[in-house]
Structures are given as C-alpha cells and as structure tokens.
Amino acid sequence: MHLGRLPVGWLVVIDSLIWAAVSVIVGLFAHRASLTRLDRDGALTRLRGFERDGRWYERRLRIKRWKDHLPEAGDVFAGGFSKRALHGTSPAQLRRFVAETRRAELTHWVLMALGPVFFLWNPWWLGAAMVVYAVSANVPCLLVQRYNRARLERVLRRAGEMPECRP
C-alpha cells in the first residue's frame, strides 16, 4: 500500500495520527501486562555491566540534567503507575517501581521497532524520517528507565532485598 500520490502534508498528518493511535494501543497492552511478567529482566531489559548502577548515565550522558523534562505517561490509564517520583521507600514499593521501569522500557522498545512500518506507504525519505522520529522519541525514555532501574536495584541490593549477581 503506497500513498505516494497524496501531498506530503497529508502523509505527515496520516503518520502523526498513526503514531498517536499506535502509542495508545501499545501503551494499553503494556498497561495490561501482569506485574509478575515484569518481576525479572529479560534479555532486552537486563542491565549491562557498563551501566554501573546508573553511573554511566550520569557521567557520560549527564542524565540528571534532562531526565525530568521528558513526559511521563505511566498513569495515563486507570490504575497506572507514574514514575515521576517514588511512591515510598519500602522494598515492596521499590520493587514495584523497578517492575514499572521494565514495563515502560518494553513499551518504548516496541514503539521504536514499529518505525520501519512507515516505509510501507511513505516515500523512502519520509519513511526514514519516521524511523528517526521513532528513535529520537523513544531512546531518551529508554535510557531514563534503565537509569532509574539501575539506581533502584543498587538500593535494593544494599538493603539485602536483591541478590548481588544478576542472572
């Protein structure tokens, strides 16, 4: 399906509406995922050694300077979980926050992976622009989720609430 005969302005409007709809749908599916599925890291969400409990993000990306300027939509759906601030400091609350960072990270991975779909109906250069948009809109959010999870896991390990070694 190629909509190349439409004016570029209309293609951009269509793309924007599709991004909005896909974001809501992916967010809703992620919102409905059970917390037990988010208790452990998978291959994609597992923190890597270079992340060093979040210190890499602080030193290399200066994440503390810009992370609070990103949107937070964790509580958009009823019963959702905002990650703007801690909800408490008990181990159970911190573990819940960690699980919610996985939910958000997976959501942004899925959204970013959908970028190439826009090549199906756009000219190549607009499809490429949609991929650039997908990466630039989602990577900063992914980084913040990984940074927050690394910091919270460090706190939980220090409190003896989490094993020292990650599988």
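Does the range 85-93 include one or more residues that are open to solvent by less than 40 Å² (accessible area, probe 1.4 Å), among the polar types (S, T, N, Q) and in contact with a His (Cβ under 9 Å, 6 or more places away or on another chain)?
No, every residue in the range 85-93 fails to be open to solvent by less than 40 Å² (accessible area, probe 1.4 Å), among the polar types (S, T, N, Q) and in contact with a His (Cβ under 9 Å, 6 or more places away or on another chain).
Name the residues in the range 25-53 that are at pLDDT 95 or above, assigned to a helix (DSSP H, G or I) and either surrounded by 14 or more Cβ atoms within 10 Å (Cβ to Cβ) or touching a Gly at 6+ places or on another chain (Cβ under 6 Å) (or both), would you?
The answer is VAL26, GLY27, ALA30, HIS31, LEU38.
Just need a number here: residues in the range 59-75 that are surrounded by 14 or more Cβ atoms within 10 Å (Cβ to Cβ) and in contact (Cβ under 8 Å) with a residue 24 or more places away in the chain.
The total comes to 5.
State which residue is farthest from ASP68 (Cα to Cα) when the search covers only the range 126-135 and only residues that are buried (at least 16 other Cβ atoms within 10 Å of the Cβ) and of a type in the set (A, V, I, L, M).
In this case the residue turns out to be LEU126.
Scan the range 15-39 for residues that are more than 14 Å from the chain's Cα centre (by Cα) and without any contact (Cβ under 8 Å) to a residue 40 or more places away in the chain and jot them down.
The answer is SER16, LEU17, ALA20, ALA21, ILE25, ARG32, SER34, THR36, ARG37.
Does PHE97 satisfy being open to solvent by less than 80 Å² (accessible area, probe 1.4 Å), out of contact with any Asp or Glu (no Cβ under 9 Å at 6 or more places or on another chain) and not in a helix (DSSP H, G or I)?
No, not satisfied.
Yes or no: LEU6 modelled with pLDDT under 95, open to solvent by 60 Å² or more (accessible area, probe 1.4 Å) and either β-branched (Val, Ile, Thr) or within 14 Å of ARG149 (Cβ to Cβ) (or both)?
No, not satisfied.
Note down all Cβ pairs under 7 Å where the first residue falls in the range 40-52 and is without any contact (Cβ under 8 Å) to a residue 60 or more places away in the chain, the second is open to solvent by 50 Å² or more (accessible area, probe 1.4 Å) and part of a helix (DSSP H, G or I), and they're at least six residues apart or on different chains.
Final answer for the pair search is PHE50/TRP56.
Does the range 114-125 hold any residues that are in a helix (DSSP H, G or I), buried (at least 17 other Cβ atoms within 10 Å of the Cβ) and touching a residue at least 40 places away in the same chain (Cβ under 8 Å), and which are they?
Hit for the range 114-125 is PHE118, nothing else.
Please verify whether ASN138 is in contact with a Leu (Cβ under 8 Å, 6 or more places away or on another chain), open to solvent by less than 40 Å² (accessible area, probe 1.4 Å) and within 21 Å of PHE81 (Cβ to Cβ), treating the condition exactly as stated.
yes
The values are calculated or read from the model by the stated rules, or taken from the named source; none is laboratory data. What you see is a predicted model; the values in this text were computed from it and never measured. Here the Cβ is made from the backbone with ideal geometry for all residues, glycine too, and neighbour counts use every protein chain on show. What goes into the accessible areas is simple: the full protein's heavy atoms, side chains included, and nothing from ligands, DNA or RNA. Shrake-Rupley method; radii C 1.70, N 1.55, O 1.52, S 1.80 Å.
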